[in-house]
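To keep things clear, I will list the structure first and then write my remarks on it.
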Ligand SMILES: NC(=O)c1ccc[n+]([C@@H]2O[C@H](COP(=O)([O-])OP(=O)(O)OC[C@H]3O[C@@H](n4cnc5c(N)ncnc54)[C@H](O)[C@@H]3O)[C@@H](O)[C@H]2O)c1
C-alpha cells in the first residue's frame, strides 16, 4: 500500500492508494476508530459499479450502512441536493459520530464534504474518489462546496476528511476522456513543483492512459505534491494559489464555451499552455510552453484556445479572479518545476490574447 500523509496538526490524515482498496474500506474505517451508522453518498453510475463492494466491506466491519443517491452531474452539486441529503441523514437519525463516505468523482466529493462539514456542525468524512481528477486533486486538501446559480463553488467550507482511499482499479471503467481531463491536473503538479516529475510524465506519456504502474506512481506523486502545498497553506492565504496554474485562462474558456463543452481538465490544459506562453512573454521560462504543449498533444489533449473575442476573454477573467485596479493575478512559470505569482495589467493581456490566434495559426482568440 502507498501512503501519503497530509500534515495539518490534529486534522492530519493519510491518503492510501492501492488496487482493490474499496474492499478494505470497512476495516480501514474501523481502524480509525469509526463505528455505528455510515452514510455512503454516491450517484447512480458509481453506485451501480462500486456501491455493493463498499457496502459489503463496511457491513462486514460492523457498520450499519445507508446509501444516499444524488443524480449524476455537475448541475446536482447544489444546495437543493445537499438539502435532500440532510433530509435523509435526519430521517435516518445519523449522529455526530456517524461517518459520511463520498463514493464518486469530484461532484460527489465536494457535495458530500459540504454536507459532512455542516451536518450537526461536522461529522467524520471519508473520501473514496473514483475519477482521476478526484484522486489527484479534489479529494485532497479539504475544499468542499456546492454551486450557486450565480457561480461555481460559491457556498462551501474548508473541511478535511479523516482519510482518503484511492483504488486505481476503478479507473478501468472511467471514460478515456475523463482520464485525459484528470491528467491535466497531474501535469500541472510537474510544472508548479517538480521538474523531475514532469520529465517522468514525458517519458511515460504512452502508458499514462492505461491503469498500470505509471498512473499509480503519478497519482501518488500528485497527491504528495498537493499534500505538501496544502500542509503549508491550508486556506489559500498564499502558496496554495499556485495550484491555480492554468486555471485563470481555463475557467474563462469553460465559462465562455458554455459549461459542458470542455471538461474542466481540458480547459485547464489549454489554460496551462496559454499561461506558459504568457510566462515566456513576461520574463519567465521559455522552455515550459513548448514542453507543456508537446506533452498535452501526445496525451490527446487540447492546447489551443477556441475562438473567443479578446473582450469576452478579459471580461470572463475579471469575473473569475480578484482584480485590483485592472490587474489580474496569474501563476506563471519561472522554470520547469517553479512558478511565481504576478499581477498583469489589462493592456498587456489584451496584446497577449490578440497574438494567440495568429501564433497558433488556429482560429484562436480573435482580436
Ligand atoms: N474540492 C476541490 O479541491 C476540487 C478541485 C478540482 C475540482 N473540483 C470539483 O470536481 C468536480 C469535477 O469532478 P470530476 O471531474 O471527478 O467529475 P464528476 O464527479 O462529474 O465525474 C465525472 C463522471 O464520471 C462518472 N464516474 C465517476 N467515477 C467513475 C468510474 N470509476 N467509472 C465510471 N464512471 C465514473 C461520474 O458519474 C460522472 O458522470 C467539479 O465540481 C469541480 O468543481 C473540486
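The values are calculated or read from the model by the stated rules, or taken from the named source; none is laboratory data. Please read these numbers as outputs of a predicted model, since none were measured by experiment. Cβ atoms come from the backbone with ideal geometry, glycine included; neighbour counts cover every protein chain shown.
Values computed for the structure shown
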{"item": "Of all residues making up the range 247-283, the number that are more than 23 Å from residue 107 (Cα to Cα) and either in contact with a helix residue (DSSP H, G or I) (Cβ under 8 Å, 6 or more places away or on another chain) or not assigned by TED's automatic domain parsing to the domain that holds residue 203 (or both)", "result": "10"}
{"item": "Qualifying positions in the range 249-264 - surrounded by fewer than 23 Cβ atoms within 10 Å (Cβ to Cβ), more than 12 Å from the ligand (Cβ to nearest atom) and part of a helix (DSSP H, G or I)", "result": "255, 256"}
{"item": "The range 123-138: number of residues that are without any contact (Cβ under 8 Å) to a residue 60 or more places away in the chain and either assigned to a helix (DSSP H, G or I) or within 23 Å of residue 237 (Cα to Cα) (or both)", "result": "2"}
{"item": "Residue within the range 339-357 that is modelled with pLDDT of 95 or more, more than 20 Å from residue 251 (Cβ to Cβ) and in contact with a helix residue (DSSP H, G or I) (Cβ under 8 Å, 6 or more places away or on another chain) present", "result": "no"}
{"item": "Strands (runs of 3 or more DSSP E) (entirely within the range 17-105) containing at least 2 residues that are assigned by TED's automatic domain parsing to the domain that holds residue 149, crowded, with 21+ Cβ neighbours inside 10 Å and within 15 Å of the ligand (Cβ to nearest atom)", "result": "37-42, 100-104"}
{"item": "Residues of the range 157-188 that turn out to be part of a helix (DSSP H, G or I), farther than 29 Å from residue 273 by Cα and more than 11 Å from the ligand (Cβ to nearest atom), as a count", "result": "0"}
{"item": "From 210, 220, 202, residue being part of a loop (DSSP other than H, G, I, E, B) and either away from the ligand (no atom under 15 Å from the Cβ) or more than 17 Å from the chain's Cα centre (by Cα) (or both)", "result": "210"}
{"item": "Residue in the range 231-239 that is within 16 Å of the chain's Cα centre (by Cα), free of Cβ contacts under 8 Å to residues at least 12 places away in the same chain, within 16 Å of the ligand (Cβ to nearest atom) and assigned by TED's automatic domain parsing to the domain that holds residue 333 present", "result": "yes"}
{"item": "In the range 117-135, the residues that are within 13 Å of the ligand (Cβ to nearest atom) and surrounded by 22 or more Cβ atoms within 10 Å (Cβ to Cβ)", "result": "125, 127, 128, 129, 130, 131, 132, 133, 134, 135"}
